[in-house]
There are 2 protein chains.
Amino acid sequence: MATIAKERRKTAVEAETLEAPSEGRRERKKRRTLQRIIRAARSLFERKGFEAATTQEIAERADIGTGTLFNYAKTKEELLLMVFRDDMMPLVESAFATAPKQAPLLDQIVHYFDRFIAYHRRDIKIAKVLIRELSSVHSPEQREKNREFVRFLVGKIADLVRAAQAQGKLRTDVPPLTLAHNLFAVYYRLLENWLGEYITLDQYERRIRQALELQLRGFLIEESETALSRKAPARRRR
Amino acid sequence: MATIAKERRKTAVEAETLEAPSEGRRERKKRRTLQRIIRAARSLFERKGFEAATTQEIAERADIGTGTLFNYAKTKEELLLMVFRDDMMPLVESAFATAPKQAPLLDQIVHYFDRFIAYHRRDIKIAKVLIRELSSVHSPEQREKNREFVRFLVGKIADLVRAAQAQGKLRTDVPPLTLAHNLFAVYYRLLENWLGEYITLDQYERRIRQALELQLRGFLIEESETALSRKAPARRRR
DNA sequence: ACTCGTAAATGACTAAACTCATTTGTGGAG
DNA sequence: CTCCACAAATGAGTTTAGTCATTTACGAGT
């Protein structure tokens, strides 16, 4: 009767892919269920699209009751975020690992973002919903996870910037994190415009490099080691 | 008699605040109804918040049937966009008009964005939903209106850039529109982060100027007219 | 004035996300 | 082993955005 009272706080959605060293049957079962839910959701989102896939179906496919589903994700949208992060973490790692470390900084950055674009191209409909959901996450836990993810992602870009500075290719009076955020902002805005159908993918591709180059220009150090010979870049204009 | 032939092209949601010179009773009634809908929606969104306000209530308050509402807006979200643009166009004009034209470019830009932030602060809950909806507009008409709006807004920034170039305060090899888009991207990303509760307003305020400055740095021409005396800026780092 | 094509209005209805009171299962304390 | 506290599961029920077949009202041509 007056039992449930408090401590409803912890969402179940904690573990995700992590392996805890020693867990009871209960914990294990919970993790298994979560995994089944994520797989069911991914499968149905891919097959039928986000709106068309009903929570009933997902629950059914995960072999749980409809109510149970909402113990794991507060909303249908949260399900999508779970699937997304599941995919995304390895992708960032890979994009960073395969970046052409000796190429100019601009090329490295472009490579990085290209990988994300390739990912979103696989399922544009889902990507649209995703971008939309990223901007308004209700659950604090989910928000914290997103925050961490972005920190991680932007951190990788900052690493590229620092490397370029260490190699004397970029002015050292530029704060790497701020620059990384700006570069990401430029990319992200174009991504949003593409997925919101404000611009086409073609337009995206034509603009991304030019836009990033504009943020980097002025900070790049030319071939000559001393950085004293500065000839005006005089790039082509729009 | 056969004068007004067929001009049937206009979608219902067209006129918004515009006044057409000669319109029949029908047209006028339609416009009135649209206005009543927008007012009813604004009032209820403000009072009860976006989710809590039901379409039934809005229809009732606008004194129309529930079905009629959806002849004017395809979704509840579209209602919000209508209210938003109603507010926003005058705001952009005003922000541009009051920009401190003699101040450094950075200050002008910051002034511009500050006005938007002030607007969103009035009703943060609504602003959140808004930002979310801007990224995924289903109706092509609505999307086109948004596109126009952004073009207008970014165009104003580009104007500021061009003015600075004309005054010899900014390098002329910088494409104004691309720069304007980049500056807006930096602002917009921070706005999203604020409204998505990834950062606080305080953090926004601390970062916006620094981030914009980083995009402009390198293109600014120093006091000395010739632009030949270049001392390294050596600003504080993060 | 009459008529007809069609724009606009309408509200009962449907579908589906989410809730919640209740039941079931688990692990640990005695 | 037994029992209990509580975590987790459950599905019938509620709520509300959005639909659609039907009706109403306008206005252009005669």
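The values are calculated or read from the model by the stated rules, or taken from the named source; none is laboratory data. Quick caveat: nothing in here was measured; it's all calculated off a predicted structure. FYI the Cβ positions are ideal-geometry reconstructions off the backbone, even for glycines, and counts take in every protein chain you see.
One table, with the values for the structure above:
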{"item": "Failed item, numbered, when residue A:82 is tested on (1) more than 20 Å from residue A:151 (Cβ to Cβ); (2) more than 8 Å from DNA strand C (Cβ to nearest atom)", "result": "(1)"}
{"item": "From the options A:129, A:83, residue that is touching a Phe, Trp or Tyr at 6+ places or on another chain (Cβ under 7 Å), more than 23 Å from residue A:207 (Cβ to Cβ) and within 16 Å of DNA strand D (Cβ to nearest atom)", "result": "A:129"}
{"item": "Flag if residue B:133 is crowded, with 18+ Cβ neighbours inside 10 Å, among the acidic types (Asp, Glu) and within 11 Å of chain A (Cβ to nearest Cβ)", "result": "yes"}
{"item": "Some residue of segment A:26-34 being crowded, with 20+ Cβ neighbours inside 10 Å, within 16 Å of DNA strand D (Cβ to nearest atom) and either over 30 Å from residue A:171 (Cα atoms) or not β-branched (Val, Ile, Thr) (or both)", "result": "yes"}
{"item": "Number of the condition not met by residue A:127 [criteria: (1) surrounded by fewer than 16 Cβ atoms within 10 Å (Cβ to Cβ); (2) within 14 Å of chain B (Cβ to nearest Cβ)]", "result": "(1)"}
{"item": "Some residue of segment B:52-66 being assigned to a loop (DSSP other than H, G, I, E, B), within 11 Å of DNA strand D (Cβ to nearest atom) and charged (D, E, K, R)", "result": "no"}
{"item": "Restricting segment A:162-191 to residues that are out of contact with any helix residue (DSSP H, G or I) (no Cβ under 9 Å at 6 or more places or on another chain) and among the small types (Gly, Ala, Ser), the residue that is modelled with the highest pLDDT", "result": "A:166"}
{"item": "Extreme residue, surrounded by the most Cβ atoms within 10 Å (Cβ to Cβ), among residues of segment B:183-199 that are within 7 Å of another protein chain (Cβ to nearest Cβ) and within 19 Å of residue A:204 (Cβ to Cβ)", "result": "B:186"}
{"item": "Qualifying positions in segment B:108-141 - among the charged types (D, E, K, R) and within 26 Å of residue B:213 (Cα to Cα)", "result": "B:114, B:115, B:121"}
{"item": "Matching residues in segment A:155-182 - criterion: being buried (at least 18 other Cβ atoms within 10 Å of the Cβ) and either of a type in the set (A, V, I, L, M) or touching a strand residue (DSSP E or B) at 6+ places or on another chain (Cβ under 7 Å) (or both)", "result": "A:157, A:158, A:160, A:161, A:164, A:170, A:174, A:179, A:180"}
{"item": "Qualifying residue in segment A:61-79 (condition: farther than 17 Å from residue A:136 by Cβ and among the aromatic types (Phe, Trp, Tyr))", "result": "yes"}
